[in-house]
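Notes to accompany the following structure.
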Ligand code: GLV
């Protein structure tokens with residue numbers, strides 16, 4: 001039996017990458033923490049070894065959390081805190097079955113992610129990356145009346161697929177550009193949200209047929225995998241620009257390559273690919289009308305700091321047996337009566 005007054009052992013946690021100090025410092029202070037300091041994610045066998053006997057783990061979207069990992073962690077694991085709003089890397093049902101709370105970082109990255117979606121939309125429309133490559137290649141000889149022309153953004157029609165927090169933040173930006181805003185979701189938004197954004201609910205196929213710009217903001221699930229497939233790409237307008245800041249597999253990437261190559265759509269701008277990272281010799285990267293950045297939508301200094309603090313708060317609450325501030329599976333708590 002522990003002696004009266006003896007200090008309890010500090011919780012054991014594994015942190016799967018270096019994260020901003022706003023989150024790392026409180027975790028290291030309160031826990032016996034092992035931190036993976038490599039630039040690349042821990043290889044699977046290292047990850048499995050590192051989680052053994054842990055009370056909590058702080059994962060990134062590059063770390064797969066499944067039954068195998070939970071078995072290796074053992075019965076003491078209380079919390080998986082994911083440093084992301086998305087959690088398709090975590091088998092949440094497997095965690096719930098074992099009573100393990102899962103946390104994510106919603107809200108704090110909404111505006112920053114919408115900023116990047118907007119940057120991609122603007123850059124693809126106005127051919128910013130192509131223009132930069134053109135200048136650097138020494139090809140800029142004179143002002144050209146028809147050089148690097150693209151579509152107008154202002155006054156165009158934007159189709160938002162998924163009008164959650166981030167989709168709404170993108171819609172607010174579009175209002176400033178006088179755009180017509182269409183949206184599709186599994187169900188229409190509250191009329192007050194539609195009214196505030198001037199957004200009209202349409203079936204997905206109508207949205208794809210009518211939009212000049214299509215921006216994707218859905219979670220990756222079995223229903224949304226390859227939501228944008230060959231047939232849907234072919235139904236889009238031939239100048240349309242597709243922006244994806246959600247998850248790579250929401251788009252059938254082979255079909256996207258063919259649609260861009262054949263001029264079935266005008267351009268694509270991707271923050272996410274399938275797989276990640278995209279191979280340097282992927283055919284998409286041979287296309288001038290495809291812009292790709294390395295999954296950086298939430299990567300502002302302030303937002304990454306807030307995500308770190310939030311992931312730490314979830315981890316620390318979980319190891320102390322307290323309710324997570326932002327649980328993905330609140331059903332693990334007694335008395336939970338539905339969202
Ligand atoms: C990033 O993609 C996230 O889900 O936070």
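Need one word for region 1-136: rounded, prolate or oblate. Basis is the Cα gyration tensor (sqrt eigenvalues a ≥ b ≥ c); a/c below 1.5 gives rounded, then a/b vs b/c decides.
The shape class here is prolate.
Would you kindly calculate the mean projected area, averaged across all directions, of the convex hull enclosing the Cα atoms of region 158-197, in square nanometres?
So the mean shadow area of the Cα hull is 2.5 nm².
For the chain, compute Rg over Rh where Rg is the Cα radius of gyration and Rh is the Kirkwood radius from the inverse mean 1/r over Cα pairs.
Checking Rg against Rh, the ratio lands at 1.03.
Give me the angle, in degrees from 0 to 90, between the Cα long axis of helix 165-175 and the longest principal axis of the Cα atoms of the chain, rounded to the nearest 10.
It works out to around 30 degrees.
Please work out the C-alpha center-to-center distance from region 270-339 to region 184-235 and express it in whole Å.
Taking the Cα centre of each part, region 270-339 and region 184-235 sit 22 Å apart.
Using the alpha-carbon atoms, what tilt in degrees (0 to 90, nearest 10) does helix 21-30 show relative to the longest principal axis of the chain?
Its long axis makes an angle of about 10 degrees.
Taking only the alpha carbons of region 149-246, what extent do you get along each of the three principal axes, in Å, biggest first?
Taking the Cα atoms of region 149-246, the three principal extents are 36, 33, 21 Å.
Per-residue counts of other Cβ atoms within 10 Å, averaged by peptide: what ranking do you get for 133-144, 252-263, highest first?
252-263, 133-144
Please give the per residue volume of the convex hull enclosing the alpha carbon atoms of region 110-292, rounded to a whole number of Å³.
118 Å³
Calculate the all-directions average of the projected area of region 87-209's alpha-carbon convex hull, and give it in nm².
Its average projected convex-hull area is 11.5 nm².
P(r) of region 208-339 in 5 Å steps, Cα pairs, percent per bin?
Percent of pairs per bin, in order: 2, 9, 16, 17, 14, 11, 9, 9, 7, 4, 1, 0.
Sorted by packing (mean other beta-carbon atoms within 10 Å per residue), highest first, where do 226-234, 29-37 land?
The most tightly packed comes first, giving 226-234, 29-37.
Taking the 0 to 90 degree range and rounding to the nearest ten, how far is the long axis of helix 301-319 tilted relative to the main principal axis of the chain, both from C-alpha atoms?
For 301-319 against the chain, the angle is about 30 degrees.
Using only helices, what value at 222 nm comes out for the chain when you add -39,500 (n - 2.57) per DSSP H run of length 4 or more and divide by the total residues, to the nearest 500 deg cm²/dmol?
-9500 deg cm²/dmol
Just so you know, all these numbers are worked out from the coordinates, no wet-lab data involved. On a predicted model such as this, the values are computed, not experimentally measured, just so you know. Quick reminder, even Gly has a Cβ in these numbers, built from the backbone with ideal geometry, and neighbours come from all protein chains shown.
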